[in-house]
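Worksheet for the structure shown next.
The values are calculated or read from the model by the stated rules, or taken from the named source; none is laboratory data. Predicted model only: the values in this text are computed from it and were never measured. Note that each Cβ is placed from the backbone with ideal geometry, even for glycine, and that neighbours are counted across all protein chains shown.
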Amino acid sequence: MSTNSIKIFSGNAHPDLAYLIARRLGLDLGKVVVSKYSNQETSVTIGESVRDEDVFLVQSGCGEINDNLMELLIMINACKTASARRITAVMPCFPYARQDKKDNSQGRAAARLSTMRVSLWVRVGHDHVVAVQLGLAPHPGVFNIPVDNLYAEPSVLKYIRDHVPNWATDSVIVSPDAGGAKRATSIADRLGIDFAIIHKERKKANEVSRMVLVGDVKGKAAILVDDMADTCGTLCLAAKTLVDHGASAVYAIVTHGILSGKALQAINDSPLTQVVVTNTIPHDEKKVKCPKLATIDISATLAEAIRRTHNGESVSYLFTHAPE
Amino acid sequence: MVWLFAAASAPPPLACSSRHDPTPTTDAFATPNGCFHALDALTTTPTPTTMRDLVVLGGSSHPELTRAICERLAISPGHVKLTKFSNRETNVEVIESVRGMDVYIVQSGCGSVNDNLMELLIMISACKIASARKITAVLPLFPYSRQPDGPYKRNGMPLNRLSDEACQKLADMQGMPFPHVTSQPASRSPSPTKMLEHPERYNSVYDGEAKVGAPTPVSGVARLQKIQADHQIVRSPRSTSPVSAYGGSVNGGQGKAGAQYKLWTAKPGTLIADMLVAAGAHHIITMDMHHPQFQGFFDIPVDNLNSYPLMYKYIVEKIPDWKNAVIVSPDAGGAKRATAIADALNMNFALIHKDRRHATSTLTLVGNVKDRVVIMIDDIADTCHTLARAAHVLTRNGAAKVYALVTHGIMSGDAIDRLVRSPIDTLIVSNTVPQVEHVKAAATACGRADKIKVFDVAPILAEAVRRIHNGESVSFLFDIVPIVN
């Protein structure tokens, strides 16, 4: 095993996660300075040789997404011109994947553009770029290069087993919308517990109107499972609905906690007991404002994926097991 | 003085009415009095004509320019909704149908460049999916057109003001203190030649024979490293450091990393070209590209328009006693541009040159400007460092008045303050970058509303769009042969 030929570079999106991944692998982060010129153009200066190395670029699609995306693209291009052997983009949260969900009636071009958009940047990096991200992804067929879409599910199962009291007998997995039913049933089956679903009528984007609960949560702890929590309108309305139907406590476990706008305020005011997010997106300052936030650390999963990719081992172990 | 055009005959301009109203966005030009026939046509408002199959969409970087171009073409800008989601993702909705149309998307690489670039790419992609016949990206200021060799210039002048952590990180990466702008004046940073001639003053390892009281012997390893350092191609003083505090101790056996490694800054030229082509653009129109050879990075046609005709017009119309003025290039790189203008107008020419023969490089004037009006010509004014320092040199050498005529006035950071403090009388920029805020800021900083003047490039861009759409020659806009009386 030649660990010293893995090079991990981080952009400015989530350097803490990159540091955790590197530490997990027993490496130091690669020397790179990513900053902006005074006219707002991005500048990338690489401080070590990447010739014939296996380069992993850790950049999450969060915060100022366009800036972070440009940083990543310029780093990929730089490594390519510096003769790296293979370049892998590790993107815990993949940007512009959500626009796929928009309905086609309005702005017909916009509905599919995110898919094309995504394939375009991948083409720029040529076929040495592998995107690794958790939970939410556009269809792998969009890319003409290998994509490893890791799942946060094993980590979620681990969290439920470790932190939800009496999870085996007194809890129900709830999906806050019909689209996430598959995700929720998968978790419920693995844990061997019941399952419920909330069906919502949505009039406008980011605005939810009415929620209908299908299933029974009376006297049990309801665990909402979702892939993304942005403004948290869905989550808070779902929590209220569950409490109205007799749930004893409401947990929310979300893969990507974007938590923008009034999300923290909404969470604090809602009947949610705890909101658990992974650290694909930095949220340390948010935890100060919202004591209900908890973290699942997925740096172990990502580090394992990097190690296995580098060594040519199977990554599918990670689809069902969370590294300790 | 009459302008004649090398093209067979000036094709009839847009159906011109007899009105000679200047375009609303321009306040720099007085109404021409008939001397400049074809250029006149560029500044008059035409009667409305229909343009079939043509849609002009504007990005959010410069909506005023889009409006000006559309007004010249007598169409209204295409309907597109540009917003951002709450998680900062860009959202583009093209409201009207572009099926089978020629789409021109106007987006300048100014403001928050990455956001505008993403927006442009998404708009191109959206039009491609919506079955547009041909998509042209109009980028008056091309983003990432300057490709610097390093995060700092050789004289230590920073291209940007890096944060302290970034400076510290760069210093760690190369093992030598970085000439941070606040700690060490740029003119005092030693040139690479000097450092190699007297390495004992700059590298502690060489303390040996030369210095008294520094008993460190020059070991065999250090001697080897000195030889290696001497033979390195030195681009910056920093890369001559043979030994650093970093050593090679971090990362175990990584001998390749460490201070010996020459830092390099990524040059995203091919990346931007590939992205535009991959998004689906068929044609690029830009203006006064910093490196004209950039066009070679593209597989699609690129029209690099010149703003020179408008510069000539400005000089001839607006600068009193221009025939006795001197055209000056503020650096050696812009000499070609400045001489082209000087030759076209039959004016004298001078150049500011950075003399590196001596220990500290000094700016020297090559040419004579004593008691003359000076017009500095440059393509980009970003931090205004170059212009300000050149202006000081010119006034020291006796220039009567200094104008600066620049195509792209980015004016980032404290550029306006630097401009106001410099001996530049007036800065004339084009509106490839929105200038309304800059003019206001300069006016409040120095009390003169005409410290920054703007010349309008919308006529040239609109004419290019029209000719490309109609399949006519665009060379009209390049081949201008003046006949001077």
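Structure notes:
- Within segment B:269-285, residues that are more than 10 Å from every other protein chain (Cβ to nearest Cβ) have Cβ atoms under 6 Å from residues that are acidic (Asp, Glu) in these pairs: B:ILE285/B:ASP303, counting only partners at least 6 apart in sequence or on another chain.
- The residues on offer are B:VAL138, B:VAL92, B:VAL103, and the sole one that is surrounded by 24 or more Cβ atoms within 10 Å (Cβ to Cβ), among the aliphatic types (A, V, I, L, M), part of a strand (DSSP E or B) and facing another protein chain (nearest Cβ under 8 Å) is B:VAL92.
- Cβ-Cβ contacts under 9 Å between residues 6 or more apart (or on different chains), taken from a first residue in segment B:72-93 that is closer than 12 Å to B:MET118 by Cα to a second residue that is aromatic (Phe, Trp, Tyr) and modelled with pLDDT under 90, are listed as B:GLU89/A:TYR96; B:THR90/A:TYR96; B:ASN91/B:PHE85.
- Output for segment A:49-90, where each listed residue is assigned to a loop (DSSP other than H, G, I, E, B), at pLDDT below 90, within 11 Å of chain B (Cβ to nearest Cβ) and under 21 Å from A:LEU17 (Cα atoms): A:GLY61, A:CYS62, A:GLY63
- Residue match in segment B:287-302 (condition: assigned by TED's automatic domain parsing to the domain that holds B:VAL103, assigned to a strand (DSSP E or B) and within 30 Å of B:MET118 (Cα to Cα)): yes
- Number of the exception - B:ILE124 against (1) modelled with pLDDT of 95 or more; (2) outside any loop (DSSP other than H, G, I, E, B): (1)
- Taken over segment B:349-388, residues that are at pLDDT 95 or above and polar (S, T, N, Q) amount to 0.
- Scan of segment B:303-345 for residues that are assigned to a strand (DSSP E or B) and either in contact with a Phe, Trp or Tyr (Cβ under 6 Å, 6 or more places away or on another chain) or at pLDDT below 90 (or both), ordered by number: B:ILE327
- So A:VAL254, is it more than 21 Å from A:GLY61 (Cβ to Cβ), touching an Asp or Glu at 6+ places or on another chain (Cβ under 6 Å), at pLDDT 90 or above and of a type in the set (A, V, I, L, M): no
- Residue match in segment B:461-480 (condition: in the same structural domain as B:SER112 (by TED's automatic domain parsing) and of a type in the set (Ser, Thr, Tyr)): yes
- A:ASN166 vs. criteria over 30 Å from A:ASP54 (Cα atoms), of a type in the set (S, T, N, Q) and either in contact with a His (Cβ under 8 Å, 6 or more places away or on another chain) or at pLDDT 75 or above (or both): yes
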